[in-house]
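One structure below.
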Amino acid sequence: MAGHFETLPGGGAAVALDDVEISILRSLAVQLMELIGPGDEPAKDADPLAALFAEGPSKPPSDPALKRLFPDAYGDDSEELRAAASDFRRFTENDLRARKRDDALVVVRALDGLSAEAAGEGGAVLKLTPDESRAWLGALNDLRLTIGTRLEVTDEEGEQLYRLPDSDPRKPMVMAYLWLGALQESLVETLMS
């Protein structure tokens with residue numbers, strides 16, 4: 001089971017993780033939450049209905065990783081489609097950011113609970129409910145998209161990642177990218193079985 005998700009009775013998934021894997025996943029999830037940002041939470045005394053219809057940003061983020069996580073809804077460069085993409089972003093990005101933060105938070109909380117229970121044992125088995133599994137799948141995808149963007153990974157370059165020399169400064173992030181991809185694939189297969 002090490003590094004490979006397996007189905008749990010009644011749904012969900014389980015995977016064995018060692019202390020280093022737990023630490024790396026937690027660190028990456030926290031960094032993802034920091035990248036996404038705290039969000040615009042309504043004040044405690046704010047009208048909940050008004051908060052539900054609060055408008056978000058209308059322009060794409062300037063950071064390439066955030067642009068990848070929050071792409072334009074329409075890819076054409078016509079003025080009409082740019083205006084439609086701007087409207088779509090304004091009404092959806094805040095919710096999308098909140099969901100991505102929530103997914104990453106599910107990862108952090110699960111790993112924190114796992115770390116406490118596995119203290120001094122060198123690792124533990126992480127057991128996820130079906131809802132937690134879906135949140136993990138979303139967070140793993142977001143992490144891979146972010147790291148892939150930072151590494152400027154292209155489809156043509158994918159095979160070359162496996163042959164990077166150890167002296168290449170990108171090697172640790174490439175290893176994390178490939179490992180997250182394997183975890184993500186394993187979780188998808190488990191949830192589909």
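Computed over protein heavy atoms with a 1.4 Å probe, the carbon and sulfur contribution to the accessible area of segment 74-193 reaches 52%.
Solvent exposure of segment 54-173 amounts to 60 Å² per residue of accessible area, where only protein heavy atoms count and the probe is 1.4 Å.
Where a ≥ b ≥ c are the square roots of the eigenvalues of the C-alpha gyration tensor, would you call segment 52-193 rounded, which needs a/c under 1.5, or, failing that, prolate if a/b is larger than b/c, or oblate? It is oblate, given that a/c is not under 1.5 and a/b is not larger than b/c. The residue among 145, 124, 178 whose Cα reaches farthest toward the positive pole of the charge dipole of segment 122-193, with charges on the beta-carbon of Lys, Arg, Asp and Glu, is 124.
The values are calculated or read from the model by the stated rules, or taken from the named source; none is laboratory data. What you see is a predicted model, and the numbers here were worked out from it, not measured in a lab. Glycine gets a Cβ as well: all are built from the backbone with ideal geometry, and neighbour counts include every protein chain shown. Ligands, DNA and RNA are stripped out before the accessible areas are found, and what is left, the full protein with its side chains, is counted by its heavy atoms. Shrake-Rupley method; radii C 1.70, N 1.55, O 1.52, S 1.80 Å.
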